[in-house]
1. Taking 28 Å as the cut-off for C-alpha to C-alpha distance, list the pairs among K30/K177; K518/K542; K177/K297; K30/K328; K518/K553 that go past it.
2. How big is the gap, in Å, between the Cα center of segment 526-544 and the Cα center of segment 436-467?
3. Can you pull out the trypsin sites (Lys or Arg not before Pro) in segment 48-153 whose DSSP state is coil and whose Cβ has at most 16 other Cβ atoms within 10 Å?
4. Would you mind ranking S2, S452, S119 by Cβ crowding within 10 Å, fewest neighbours first?
5. Per the Debye formula with a single identical scatterer at each Cα and no solvent contribution, what log10 I(q)/I(0) holds for the chain at q = 0.07 Å⁻¹?
6. Between I533 and R383, what FRET efficiency follows from the Cβ-Cβ distance if R0 is 60 Å, with the result rounded to 0.05?
7. Take the alpha-carbon centre of segment 238-304, take the same for segment 46-115, and report the distance between them in whole Å.
8. Please label the shape of segment 231-342 as rounded, prolate or oblate, based on the square roots a ≥ b ≥ c of the eigenvalues of the alpha-carbon gyration tensor (a/c under 1.5 means rounded; beyond that, a/b larger than b/c means prolate, else oblate).
Amino acid sequence: MSGRESVKVSELFGFRDVQLRPRPEGWEVKVNGAPFFIRGASYQPELRLDRLGRERFEADLALARETNLDALRVHGHVLPEEFYRLADRAGMLVFADLPLTGAYAYHASPEEVRFFEASVREQVPEMVELLRNRPSIALWTAHDDPPWIAANASLADVHSVRQNYSIDQDVKGILEKLDPSRPALAGSGDLDSQVRAGWTDGPWPAIADREPRFVSEYGAQAFPALDSPVWEDLSRAWPVADDDPGWLYAGFDPFAWIESGVGLPSDYQTLEDFVEAGQRYQAWLVRYATEQFRRRKFEPCWGAFAYQLVDPFPAIGFGVADHARRPKAAQAALREAMAPSHLILEPLEFEVGFNRLRYAPGRSVEARLVVVNDDFDASGPARVRWSLHRERGPERSGMAFVRDALARKSFAGSIDFELPAATEPAVQVARLSLQVAGEGEYVLAGELVIGSRLADTAELPIEVSAEPARPAPRRPLPAYLVDRLADAKSLRTDVRGLSVELLNQTRPAALTAIHGIKLDGEQVETRHLLVEISGRTVPLPKRVELPVGRRVKLLVDLGTPLQPGPHVLELDLTIAGVASGRLKVEGHVAPEELRPADAPRPG
């Protein structure tokens, strides 16, 4: 003013060409006009945002690059603007979430619902105004993990009423109106996939059967390494209860640790053994899942985000690095599996062992050799060299040693091929079928050579054993959960047999499986199970909702009432996302409980 500078505004900006088209029939991603597979991870750097600054953001962005990632999803919150400026400079794509996670305003009054929805609508333009001009932003998401997505069917009533669905759709529309240059999702887990196999949704081999279009979450928990400063906030006391309050507060999920096969503290002799087993499993799962998604590059999968890059507090968490940014074993596994040019050794036709693949002697070891390339500067002739060798055999002597030596055999080979372009899907360069007779621990190893450059190496541990892999016996439900899921003394006689009561006091959930039923040690067929729903007795359906605080009566049709005396019913049940294992329900039938018509007849 008056010839003087009154104010000066400076802003760094950039140009980029990113097209994301998330649609029900499939995704499409292009960067600079070329098809692009996004390699990413969720990012929740710190629960206390006031502890964050430029130095932390720069270090985390460097960690992401070191892990071969080109995108981060700021998961369920908005970070200080400094992070997005640094992401622009680093060339890191960012998926931006509104700060909404899980269910809101369930059973709230109309006034409370209106207040909640008004607050949400007010935040949308604030977030868009803050971030719209940041070239790193590629996608908006209204709600992280909303209750209405299919993956949250275990939330029972909260899911079935499609809680928050209307406001999430409204927010999506507002985002698209305020910023038509970027796509918006109403909820994470709707058009994208949250793959929980290997953790809370069945065993890890099931990942191979999935056909995700875009993966926004996958992974497992692990403890920090024992030399990490994070242990200053975690108890090292051992032995420790399976439901130790301090560990639960730090995020420990006993149900998932049981389901994954790692187990609970009571299964291990030392803290060191337990921590090491958890880290090995997280690394195994992250590697296996990442390679399965990249094997499906563009057919139909367009991206995969591991959950998550770092733990946001001193936690027993999903981060591949802990809160102190000390890498867990999974960080190296993710870095290797996300290598731009990568050789995938995909096992086939195997039996499942813990963190290991098993084959019977004489049976073919089956594997696919797959190459995926995301490096736009890599092209031309390539070669895969592979070998299968035994690292350790069984301890034997005499003729058994001689027979084992004769059965021992190594294999090797190489395949020349043309490297797929970064804009092309992965290619299978070979399928191996190798007859292995000698028992022991083997390693399938491979090298990817592009031109004269060694671009990647890979190893797959394999066990050959005559002893069949047996699943671990189903363990009892953890003691701390029994009283929160059932009335353990509710066994009663009934005109047709007996009844027991489930009483869920955890969170809205659903009973999804019952098997292994025994009454006083004798097997009972599942077809004899009934459930009382709304005053009617019906055959047990595949899914029974378990609202919090409501008793659900299960009946076992034996065709006759129980004899007087003590009885024990054992059930192997799965309550999705809450618990899985054997439950014992006890009761005592007094002679006077039997009505005359029910009393056993002499002879």
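Read the figures in this text as sums done on the coordinates, not as results from a lab. Keep in mind the model is a prediction, meaning the values are calculated, not measured. Here the Cβ positions follow ideal geometry from the backbone for every residue, glycine too, while neighbour counts run over all protein chains shown.
1. Pairs exceeding 28 Å: K177/K297; K30/K328.
2. Their Cα centres are 50 Å away from one another.
3. R48, R132
4. S2, S452, S119
5. Treating every Cα as an identical point scatterer, log10 I(q)/I(0) equals -0.53.
6. Rounded to the nearest 0.05, the efficiency is 0.45.
7. 24
8. prolate
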